[in-house]
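Working notes, beginning with the structure itself.
The values are calculated or read from the model by the stated rules, or taken from the named source; none is laboratory data. Model, not experiment: these values are computed from the prediction. Ideal geometry is used to build each Cβ from the backbone, glycine not excepted, and the neighbour counts take in all protein chains shown. Ligands, DNA and RNA are stripped out before the accessible areas are found, and what is left, the full protein with its side chains, is counted by its heavy atoms. Shrake-Rupley method; radii C 1.70, N 1.55, O 1.52, S 1.80 Å.
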Amino acid sequence: MKNYKLYICEDNENLLSKDPNLYKNYQISYKNFKNIPSLFDTSYYKGKLYLYFGITPVLLFYLPFNLITNLYLTDKLLVLILSCFIFLFSLIIIKKISDRITVIQNIPPNILVLCIFITGFCNLLPFLVIKSSIYEVAITTAIFLLLLSIYIFYNYMYAQTKSNKYILLFCLSFTLCLSVGARPYYVLFIPIFFIAIIWLTYKETESINQIIVSILYFLIPCLLYGTIIALYNYLRFDSIFEFGWKYQLNPLNQYDYFINLQDLLKGLCNNFFHLPLIDDKTFFSLSPTVGHSLGNDEIVGFIWSYPLSYMLIFLPIFLKKLYKHDIKIFTLLFIMIIMIIISIIVTSFIGMITRYMVEYLSLINILSLIIFIFYINYVDDKNLKKTLNFLFIIFFAYSMFINISLLFCKKAAAFYAITSADNYKFLINLLF
């Protein structure tokens, strides 16, 4: 971009034109394209190589950092920073919502402390820090912007003045649009917030004028950033709808892939229930999956890595109570549930890959902790409260152990070896 280019490099020798399958041979790729680390997952169109991942991380982080410091921000550092913000915003959202629907003094203090550790370790987010690359940058950027959007929406609901509401509404729309520039399927979340805003505005004011003004404030950022993305796509691929996926270089032939029910059911089953393996180093280990047309990675079903997710069983009763207690918080949590459902379905179609699970596990983590805090708040019987507290500690200990175990298992250790030589072995020996 600093050189007024939207591509990575040119295929001056017409290597890919002569042999479109050349990218599959990584050794040849490295020799002939010395300016980039690999051709895998880049897009090739009219003699140029492009990065098909979203433009948002570049506009938000890489380009400003370089223009200010004349230095280059690394993927690893950015993923670490974004992961810290994801952790912080997760805690803030849990606290804000819990304060609204509970009496915080009724919650055992140790539960509030343990929630901090669960939020940091039990959503597979540390995997993204270990495997930091361009993929993880896109995912952490999208999750961060989504959590920021949820936080802005919370403040919008309880804003006291119209001017504050309109400012927050504009910011909400803007952060949602930016998230689409990191993960294109997040565009599905925009109409969910849009409908919720119209509904809340009608419930509060019953004014058509107020609804129209709110719609305009929400749509302006969508139109602005949508135009930028459309122009960006057109200048690269001669189509406003083409992100480069059609011309992507990888042996999976994703453009020819047809979404099918078998892959969806296979993905859902494995993302939920896939059992871990027993590792002779750290006990629990990621285990390989098979049967999906696109992606079969080593994963563990989230009900095994985070058993507190069973709290989602109480969602119907919880939402019914919340609807009567606080319609605004009900709306926010209902939006989060829809986003979880969409993320799980999309992830199941894409394949069974650990990094994709983080997108919905972050929301499941927040929601399950809020539900548990809500219910233990209303327990008056001391013995029952002690029992629930004890069970929470058991869930915490197990969840922490399995997540740390998975983090340092044989399947994951290879990534440590790349970045820290044999240092990961000392960590394994220390922890296990």
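Here are a few things to note about the model shown:
- Counting the residues of the range 338-357 that are touching a strand residue (DSSP E or B) at 6+ places or on another chain (Cβ under 8 Å) and assigned to a helix (DSSP H, G or I) gives 2.
- Residue match in the range 328-336 (condition: open to solvent by less than 10 Å² (accessible area, probe 1.4 Å) and under 15 Å from the mean Cα position of the chain (by Cα)): yes
One line per residue, one yes/no per condition, for (1) open to solvent by less than 50 Å² (accessible area, probe 1.4 Å); (2) of a type outside the set (D, E, K, R); (3) within 20 Å of Ser343 (Cα to Cα); (4) at pLDDT 95 or above:
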residue	(1), (2), (3), (4)
Val103	no, yes, no, no
Leu125	yes, yes, yes, no
Ala159	yes, yes, no, no
Thr201	yes, yes, no, no
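- Members of the range 341-373 that are open to solvent by 10 Å² or more (accessible area, probe 1.4 Å) and of a type outside the set (Ser, Thr, Tyr): Ile341, Ile342, Ile344, Ile345, Val346, Phe349, Ile350, Ile353, Arg355, Phe372
- Selection count, the range 221-239, where residues are open to solvent by 80 Å² or more (accessible area, probe 1.4 Å) and either under 19 Å from Leu188 (Cα atoms) or in contact (Cβ under 8 Å) with a residue 60 or more places away in the chain (or both): 5
- Pairs meeting the criteria (first residue in the range 378-403 and in contact (Cβ under 8 Å) with a residue 40 or more places away in the chain and under 25 Å from Pro276 (Cα atoms), second residue assigned to a loop (DSSP other than H, G, I, E, B) and open to solvent by 90 Å² or more (accessible area, probe 1.4 Å), beta carbons under 9 Å, at least 6 apart or on different chains) are lacking.
- Only helices (runs of 4 or more DSSP H) whose full extent lies in the range 249-326 are considered here, and the ones with at least 3 residues that are aliphatic (A, V, I, L, M), over 30 Å from Tyr52 (Cβ atoms) and touching a residue at least 12 places away in the same chain (Cβ under 8 Å) are 315-325.
- Qualifying positions in the range 44-86 - under 30 Å from Ile373 (Cβ atoms), of a type outside the set (Val, Ile, Thr) and open to solvent by 60 Å² or more (accessible area, probe 1.4 Å): Leu80, Cys84, Phe85
- Tyr378 vs. criteria at pLDDT below 90 and of a type in the set (Phe, Trp, Tyr): yes
- Of residues in the range 175-190 being under 16 Å from Ala230 (Cα atoms) and open to solvent by 40 Å² or more (accessible area, probe 1.4 Å), the one modelled with the lowest pLDDT: Pro184
- Against the conditions (1) modelled with pLDDT of 90 or more; (2) in contact with a helix residue (DSSP H, G or I) (Cβ under 8 Å, 6 or more places away or on another chain); (3) in a helix (DSSP H, G or I); (4) open to solvent by 10 Å² or more (accessible area, probe 1.4 Å), Phe218 satisfies every one except (4).
- Residue match in the range 312-327 (condition: among the aromatic types (Phe, Trp, Tyr) and closer than 13 Å to Phe273 by Cα): no
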